[in-house]
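K.L.:
Quick one: the structure is below, and I'll ask about it shortly.
The values are calculated or read from the model by the stated rules, or taken from the named source; none is laboratory data. Model, not experiment: these values are computed from the prediction. Virtual Cβ from ideal backbone geometry, glycine too; neighbours counted across all protein chains shown.
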Amino acid sequence: MIFMALIKAMSKKANTIIWAIISCLLWSTAYPLIKIGLQYSTPLHFAGSRFILSGLMLLPFSAHPRVYIKMIRENYKLAIWVTILQTLINYILFYIGLEYVPGALGAVIVGSQPFVTAIVSRIMIKEERFTRAKVLTIITGIAGIVLVSAGRQSFHFSGPMELFGIALIFIANIATATSNVLVSLKIGKMNPVVLSSFSLFSGGVIIYILSMFFETRPSGISYPQEYWLVLGWLSFMSAFTFSMWYHLLKRPAVRVSELNLWKFIIPVFGAILSWLLVPGEKADWVTVAGMIIIAMALIYFFGITGRRERKIEEVPAGPIAK
């Protein structure tokens with residue numbers, strides 16, 4: 001009942017920013033908790049278990065079984081593409097890529113997702129434009145992420161395999177961005193909770209099956225309580241945030257590239273959580289400076305100046321917009 005009340009409250013346009021920030025705050029908890037979960041499980045097994053449980057969590061809040069099946073049948077192309085792009089390609093490449101990329105560099109690449117989304121949405125949606133405010137916000141946001149990451153961990157190049165890892169994470173970003181655009185364009189009257197439930201569960205099943213063929217896990221392993229708590233939270237977090245994000249993308253007035261600018265704050269929340277929860281982590285001036293830069297960029301874009309520039313000072317469109 002509480003979840004449904006929250007969904008109904010989203011009909012108010014003024015709540016878009018609030019829900020975007022809440023979603024990013026919840027997403028920021030994923031990285032430190034995934035590291036804990038991987039201490040007891042292999043990447044694909046852990047990811048598959050997480051998404052299967054996420055999809056099942058959403059079933060009671062989605063729709064009557066007949067309506068659920070009808071929605072999937074009527075929108076099967078969108079459901080399949082979101083499953084492939086958002087759950088399978090994104091998370092499989094993300095987990096593999098992080099094995100070859102240092103934490104700080106990985107955070108920067110993942111944090112560049114708003115930039116990748118802006119490009120993909122510019123290609124796929126003719127109404128999307130590169131305004132001066134948007135370009136400046138993206139550049140400033142990435143600079144802030146570099147500082148946040150550099151303050152927590154030094155950058156270094158470890159060899160050719162690192163380039164391979166970087167490429168995988170960038171492809172994962174492209175897959176996520178494409179999925180976001182498809183949801184915005186094609187979701188129509190489909191219930192976002194149904195779409196989220198189907199894509200998470202079906203993608204989770206496929207990932208879990210892949211783990212049986214490509215990963216070796218000790219037999220008879222006993223998982224501690226910490227593992228189940230982490231798995232439970234990450235499953236709930238995925239179920240809630242993806243459903244929420246699809247609801248926001250469904251809104252006619254919401255532009256994909258602008259909504260995804262809020263993802264710049266994910267590393268900010270992640271750093272703050274690390275200071276609060278991880279022993280030995282403490283604030284430093286480089287990280288704080290990066291946080292301030294990201295905050296100023298978002299305030300500028302979504303403030304009065306940003307809104308004015310978005311409307312009247314568009315960067316000239318290239319042949320893609322024709």
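K.L.:
Which residue out of R66, R122, R50 is of a type in the set (K, R) and more than 24 Å from I265 (Cβ to Cβ)?
P.N.:
Working: R122 fails: more than 24 Å from I265 (Cβ to Cβ); R50 fails: more than 24 Å from I265 (Cβ to Cβ).
So the residue among R66, R122, R50 that is of a type in the set (K, R) and more than 24 Å from I265 (Cβ to Cβ) is R66.
K.L.:
Another one. Looking at the stretch 32-73, which of the residues that are part of a helix (DSSP H, G or I) and among the β-branched types (V, I, T) is modelled with the highest pLDDT? Before the answer, list the steps.
P.N.:
Taking the stretch 32-73 and keeping what is part of a helix (DSSP H, G or I), we get 32-37, 43-62, 65-73.
With among the β-branched types (V, I, T) added as a condition, the list becomes 34, 36, 52, 67, 69, 72.
Numbers: I34: 82, I36: 83, I52: 97, V67: 92, I69: 93, I72: 94.
Applying the filter and picking the extreme gives I52.
K.L.:
Here's something else I'd like to know. With the structure loaded, tell me whether M244 is within 30 Å of A295 (Cα to Cα) and either acidic (D, E) or buried (at least 21 other Cβ atoms within 10 Å of the Cβ) (or both) or whether it fails that test.
P.N.:
On the way: within 30 Å of A295 (Cα to Cα): yes; either acidic (D, E) or buried (at least 21 other Cβ atoms within 10 Å of the Cβ) (or both): yes.
Yes.
K.L.:
Then there's this: So, of the residues in the stretch 146-189 that are of a type in the set (G, A, S) and surrounded by fewer than 17 Cβ atoms within 10 Å (Cβ to Cβ), which turns out to be modelled with the lowest pLDDT?
P.N.:
This residue is S154.
K.L.:
Applying the selection to the stretch 205-218, what residues are assigned to a helix (DSSP H, G or I) and in contact with a Ser or Thr (Cβ under 7 Å, 6 or more places away or on another chain)?
P.N.:
Across the stretch 205-218, the qualifying residues are Y208, S211.
K.L.:
Go through the stretch 219-241 residue by residue and tally those that are part of a helix (DSSP H, G or I), small (G, A, S) and either surrounded by fewer than 23 Cβ atoms within 10 Å (Cβ to Cβ) or in contact with a Cys (Cβ under 7 Å, 6 or more places away or on another chain) (or both). Talk me through it step by step, then tell me what you get.
P.N.:
Taking the stretch 219-241 as the starting set, the residues that turn out to be part of a helix (DSSP H, G or I) are 225-241.
Filter again for small (G, A, S), leaving 232, 235, 238-239.
Keeping just the survivors that are either surrounded by fewer than 23 Cβ atoms within 10 Å (Cβ to Cβ) or in contact with a Cys (Cβ under 7 Å, 6 or more places away or on another chain) (or both) gives 232, 235.
Number of matching residues: 2.
K.L.:
Only residues that are touching a residue at least 40 places away in the same chain (Cβ under 8 Å), more than 25 Å from I52 (Cβ to Cβ) and not in a helix (DSSP H, G or I): list them for the stretch 158-204, please.
P.N.:
S158, G188
K.L.:
For the stretch 108-131, give me each residue that is outside any helix (DSSP H, G or I) and in contact with a helix residue (DSSP H, G or I) (Cβ under 8 Å, 6 or more places away or on another chain). Can you show your working first?
P.N.:
Pass one, the stretch 108-131, residues outside any helix (DSSP H, G or I): 112, 125-131.
Within the stretch 108-131, S112, I125, K126, E128, R129, F130, T131 meet the criteria.
K.L.:
Please determine, by comparing only the residues of the stretch 159-201 that are hydroxyl-bearing (S, T, Y) and over 14 Å from the mean Cα position of the chain (by Cα), which one is nearest to F115 (Cα to Cα). Quick ask: steps written out before the conclusion?
P.N.:
First, pick out the residues of the stretch 159-201 that are hydroxyl-bearing (S, T, Y): 176, 178-179, 184, 196-197, 199.
Cutting the leftovers down to over 14 Å from the mean Cα position of the chain (by Cα) gives us 184, 197, 199.
Details: S184: 17, S197: 27, S199: 24 Å.
Within the stretch 159-201, the match that is nearest to F115 (Cα to Cα) is S184.
K.L.:
Turning to a different aspect of this structure: Pairs needed: first member in the stretch 62-88, polar (S, T, N, Q); second member anywhere, outside any helix (DSSP H, G or I); C-beta distance under 8 Å; at least 6 residues apart or different chains.
P.N.:
S62/N191; N75/I187; N75/G188; N75/M190
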